[in-house]
Amino acid sequence: MFSEYIYGEKNMSEHDITLTVNNTEHKLVIESRRLLIHTLRDELGYTGPNVGCESSLCGACTVHLNGSAVKSCTILAVQANNADITTVEGLAQHGTLHPIQSSFQEEHGLQCGYCTPGMMMTALDFLKHHPDPSRDEIREGLEGNLCRCTGYHNIVNAVESTAKKLAEISSGGSA
Amino acid sequence: MYPSRFDYYQATTLSELFDLISEHGEEMIEFLAGGHSLLPMMKTGLASPDILIDLNNIEELHGVEQNETTTCIGAMERYSDISRNNIAKTNCPVLTEAVSLVGDIQVRNRGTLGGNIAHNDPASDPPAAILASQATLHVHGPSGKRTIKEDDFFTGLYETSLEDDEILTKIEIQNIGNGGGAYLKKPSPSSGYAMIGTAVVLHSTDGIIDTARVAVIGAVDHATRLTGVEDALVGSPATHESAISAAEHALEGIEDYMVMEDLQASAEYREHLIGVYAKRATMAAIDNLPK
């Protein structure tokens with residue numbers, strides 16, 4: 001534990017926080033100005049979320065904060081205190097790819113792969129609210145994630161295929 | 001891109017907030033809402049507060065509540081929650097449409113209505129919807145509460161009638177009732193901000209428009225009403241023809257020098273868009289009047 005008091009005053013430029021990332025609890029001390037993305041990558045080693053533009057435009061740093069997709073470059077780590085965070089590393093279960101991961105693979109939804117973790121995290125939030133989306137809706141849903149390789153076409157295919165797989169799973173069929 | 005050093009405080013009640021404000025009265029304080037304008041400004045050095053007070057966990061700033069003629073939305077309600085809220089969707093459809101068009105999914109999951117309105121970006125969607133819908137802005141400061149009408153709230157470029165030590169607590173929006181409304185925007189192709197965004201709320205009796213509120217964002221340095229269009233609509237039949245002729249008055253009261261200009265749109269083009277979007281949004285509002 002770090003000293004809460006410096007020169008007799010409570011030091012509010014540093015904070016003790018607890019982050020639960022992919023169901024693992026981490027306790028750490030961070031500066032007030034530390035961004036969530038840097039905490040995840042540099043302190044905790046979750047390098048799935050990427051640093052792209054650092055200005056909330058590209059979406060490469062997207063993670064789920066309490067179940068909602070957010071750009072982790074535009075949230076302070078201290079704001080995420082006591083929150084549940086899911087990064088792309090948390091999608092596969094027991095060595096089996098999540099349907100969205102297998103869809104991106106099957107549909108060639110990536111080339112360099114830099115935007116892919118963010119694309120997947122945004123797409124999953126989008127699909128939660130649009131379980132049966134049109135292709136236009138998918139494009140609109142992913143407007144906050146930039147890809148500079150694919151031209152988006154195969155990404156839209158991958159999200160469309162994920163929607164079908166998730167619908168089969170929720171109706172009890174096999175994916 | 002790191003913000004410069006600051007002290008971070010989380011207030012959980014309004015009284016805790018005002019204690020913090022008075023305790024740090026000598027220092028530069030910023031209030032943190034959704035953070036999607038403030039944090040980018042802090043990262044680029046445009047804002048460098050000594051003290052950052054997080055308002056997100058103040059219970060009094062949350063919730064959506066329906067009254068007889070109004071709907072109250074807590075200042076810290078996020079765009080995504082508002083756009084999915086059935087009370088808000090029924091009573092203030094123009095506002096829910098506008099917030100559903102802000103930024104992208106991730107931005108809407110964080111950004112708050114109160115933060116947006118207090119920031120008063122000249123190209124952001126919600127202020128136009130607030131002006132057209134009519135609202136009472138509830139404000140709280142160390143010396144107590146007061147209310148501000150929508151027409152007196154947005155005063156200039158990133159300027160509002162809020163004092164430095166006041167915060168917006170809730171936005172009380174007039175229910176649309178048996179009216180019809182619409183919000184239409186032409187987004188900037190790169191940023192998604194409104195090149196022009198137009199909000200319209202109409203009421204009619206026996207097919208004749210008896211009240212009209214038309215407001216535009218992205219045109220001049222803050223959200224502003226197109227009173228020429230409003231005046232032309234009142235007393236006219238609720239038809240597309242009325243929308244077309246009313247839109248000819250779109251630039252009344254807007255001087256050439258006031259119109260914003262940037263790489264993507266010259267002032268001349270924006271003036272053209274003001275008319276086009278006044279027409280289209282009014283037509284859409286007419287279509288949305290109950291039959």
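The values are calculated or read from the model by the stated rules, or taken from the named source; none is laboratory data. Values in this document were obtained by computation on a predicted structure and should not be read as measured data. Glycine gets a Cβ as well: all are built from the backbone with ideal geometry, and neighbour counts include every protein chain shown. The accessibility values were calculated without ligands, DNA or RNA, using every heavy atom of the protein model including side chains. Shrake-Rupley method; radii C 1.70, N 1.55, O 1.52, S 1.80 Å.
For B:ALA128, work out the one condition from (1) open to solvent by less than 40 Å² (accessible area, probe 1.4 Å); (2) among the aliphatic types (A, V, I, L, M); (3) not assigned by TED's automatic domain parsing to the domain that holds B:SER161 it doesn't fulfil.
Here B:ALA128 meets the rest and fails (3).
Please enumerate the residues belonging to the range A:71-117 that are open to solvent by 20 Å² or more (accessible area, probe 1.4 Å) and assigned to a strand (DSSP E or B).
A:ASP84, A:THR86, A:GLN93, A:THR96
Anything in the range B:228-284 that is closer than 25 Å to B:SER188 by Cα and of a type in the set (Ser, Thr, Tyr)? List them, or say none.
B:TYR257, B:SER266, B:TYR269, B:TYR277, B:THR282
Exactly one of (1) surrounded by 19 or more Cβ atoms within 10 Å (Cβ to Cβ); (2) assigned by TED's automatic domain parsing to the domain that holds B:LEU162; (3) of a type in the set (A, V, I, L, M, F, W, C) is unmet by B:LEU39. Its number?
(2)
Restricting the search to the range B:21-34, which residues are assigned to a helix (DSSP H, G or I) and charged (D, E, K, R)?
Residue satisfying the conditions is B:GLU23 alone.
State which residue is nearest to B:ALA128 (Cα to Cα) when the search covers only the range B:213-231 and only residues that are without any contact (Cβ under 8 Å) to a residue 40 or more places away in the chain and not β-branched (Val, Ile, Thr).
B:GLU230
Of the residues B:TYR257, B:TYR269, B:TYR277, only one is assigned to a helix (DSSP H, G or I), at pLDDT below 95 and open to solvent by 10 Å² or more (accessible area, probe 1.4 Å); which?
Step by step, each of B:TYR257, B:TYR269, B:TYR277 is checked, and only B:TYR257 is assigned to a helix (DSSP H, G or I), at pLDDT below 95 and open to solvent by 10 Å² or more (accessible area, probe 1.4 Å).
Out of curiosity, is B:VAL259 free of Cβ contacts under 8 Å to residues at least 60 places away in the same chain, β-branched (Val, Ile, Thr) and closer than 30 Å to B:SER37 by Cα?
So B:VAL259 fits the description; yes.
Look at the range A:110-132 and say how many of its residues are within 12 Å of chain B (Cβ to nearest Cβ) and within 16 Å of the chain's Cα centre (by Cα).
Qualifying residue count, the range A:110-132: 10.
Name the residue, out of A:SER68, A:SER55, that is surrounded by 15 or more Cβ atoms within 10 Å (Cβ to Cβ) and among the polar types (S, T, N, Q).
Answer to the selection: A:SER68.
Only one residue in B:GLY192, B:GLY177, B:GLY207, B:GLY197 is under 20 Å from B:PRO93 (Cβ atoms), small (Gly, Ala, Ser) and either open to solvent by 10 Å² or more (accessible area, probe 1.4 Å) or modelled with pLDDT under 95 (or both). Which one?
Checking each option against the conditions leaves just B:GLY177.
Which of the residues that make up the range B:35-45 are more than 9 Å from chain A (Cβ to nearest Cβ), assigned to a loop (DSSP other than H, G, I, E, B) and under 16 Å from B:GLY111 (Cα atoms)?
B:SER37
In this structure, does A:ASP125 turn out to be assigned to a loop (DSSP other than H, G, I, E, B) and either in contact with a Ser or Thr (Cβ under 8 Å, 6 or more places away or on another chain) or surrounded by fewer than 20 Cβ atoms within 10 Å (Cβ to Cβ) (or both)?
no
Please state which one of A:LEU40, A:LEU19, A:LEU28 is at pLDDT 95 or above, over 25 Å from A:PRO131 (Cβ atoms) and part of a helix (DSSP H, G or I).
Matching residue, one of A:LEU40, A:LEU19, A:LEU28: A:LEU40.
For the range B:1-29, give me each residue that is free of Cβ contacts under 8 Å to residues at least 40 places away in the same chain, touching a strand residue (DSSP E or B) at 6+ places or on another chain (Cβ under 8 Å) and within 12 Å of chain A (Cβ to nearest Cβ).
Answer for the range B:1-29, where residues must be free of Cβ contacts under 8 Å to residues at least 40 places away in the same chain, touching a strand residue (DSSP E or B) at 6+ places or on another chain (Cβ under 8 Å) and within 12 Å of chain A (Cβ to nearest Cβ): B:ARG5, B:LEU20, B:HIS24, B:GLU27.
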